[in-house]
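Okay, so here's the structure we're looking at.
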Amino acid sequence: MRDENKAARRLVRTVRTAGLATLLPEAGHPYASLVEIATDQAGAPILLISGLAEHTRAILADPRVSLLVDGTAGHADPLTQPRLSLLGRLDPLADERAKARYLARLPGAELYAGFADFGFWRLDIERGHLVAGFGKIRWIDAADLTIPAAPDLGAAEAGILEHMNADHADAVQLYAAKLLGAAEAEGWRLCGIDPEGCDLLGHGRHLRLDFANPVTDAETARRELVRLVKAARAA
């Protein structure tokens with residue numbers, strides 16, 4: 001069960017888009033739309049959406065939503081692949097570091113992030129329904145869908161990314177090619193780090209590199225990133 005919890009958290013970290021279901025205020029009908037997502041350090045989804053969108057009008061009337069995180073893309077038999085329906089409430093996001101995480105993962109959003117009618121929102125997860133394949137179905141409590149905050153790591157994250165991308169770009173390429181099987185040997189950047197892993201961005205897609213040991217600050221992150229470089233060189 002612990003492995004399934006971790007797999008569910010990892011799924012939320014890896015996808016770029018999700019299906020957002022809201023309730024239209026006039027008729028009360030469910031309304032589904034496509035949104036881009038990132039996560040905060042704890043793993044809660046973050047959205048950047050326009051105040052003019054139908055789903056935003058619905059959220060302002062009733063913040064209860066469902067977010068479908070779909071891991072089936074590209075598979076010949078999608079119903080055998082994992083998907084996770086998250087239930088919770090969307091709240092306006094004021095955390096500047098969480099906003100920065102979103103824009104590092106989705107740099108194209110910089111174009112409209114400063115527009116007055118766009119705003120950041122965070123999903124306060126209440127529970128999730130995981131379908132991990134045929135017969136692998138269960139509800140997961142909110143406490144198992146996020147991880148405890150690591151404030152020291154959050155404070156150091158921007159500096160770690162800048163340092164790795166500027167001074168150790170070769171290591172980032174090794175992560176992608178040797179540990180994650182990327183066909184492209186160049187063009188990858190670290191775009192996020194959290195206690196359970198780090199995220200790479202390149203060639204229009206994201207890759208997730210899991211940590212063997214949890215990291216909580218700059219020093220433990222450095223040790224784990226060095227260990228992964230050694231593993232990549234040995235591969």
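What follows draws every value from the coordinates through simple rules; no lab data is involved. If you're wondering where the values come from, they're calculated on a predicted model, not measured in any experiment. Backbone-built Cβ (ideal geometry, glycine too); neighbour counts: all protein chains shown.
A few comments on the model shown:
- Full extension of the chain between Ala142 and Asp217 yields a length gain of 24.6 nm, computed as 0.36 nm times the residue separation minus the alpha carbon distance.
- Reach of Lys178 by Cα under 20 Å, taken over lysines that are not fewer than 8 positions away in the same chain: Lys230
- Mean separation of Cα pairs under 8 Å and 6 or more residues apart, divided by the residue count, gives region 76-168 a relative contact order of 33 percent.
- Ala94 paired with Asp3, simple spin-label distance in nm, labels 7 Å along Cα-to-beta-carbon: 4.3
- Radius of gyration, Dmax [the chain; alpha carbons; angstrom]: 18.0, 60
- Gly202 sits among other residues whose Cβ lies under 10 Å from its own Cβ, and their net charge, with Lys and Arg +1 and Asp and Glu -1, is 0.
- Length gained when the stretch Ala158-Ala185 is fully extended (0.36 nm per residue, less Cα-Cα span): 7.3 nm
- Diffusion coefficient of region 151-234 by Stokes-Einstein, Kirkwood radius over Cα pairs, 20 °C, 1.002 mPa s: 171 µm²/s.
- 11 Å beta-carbon shell around Val215, net charge (K/R +1, D/E -1): -4
- Taking the C-alpha atoms only, the angle from helix 151-167 to the longest principal axis of the chain is near 50 degrees.
- Note on region 99-186: Rg/Rh from Cα positions, Kirkwood definition for Rh, rounded to two decimals, is 1.06.
- Distance cut-off 14 Å, percentage of C-alpha pairs in region 37-93 lying past it: 64
- Net charge in the neighbourhood of Arg97 (other residues with Cβ under 10 Å of its Cβ; Lys, Arg +1, Asp, Glu -1) is -2.
- Ala113 versus Arg127: modelled label distance in nm, points set 7 Å from Cα along the beta carbon direction: 3.5
- Nearest 10 degrees, 0 to 90: helix 2-14 Cα axis against the chain principal axis: 80
- Note on Leu52 and Ala27: their simple-model spin labels are 2.3 nm apart, each label 7 Å out from Cα toward Cβ.
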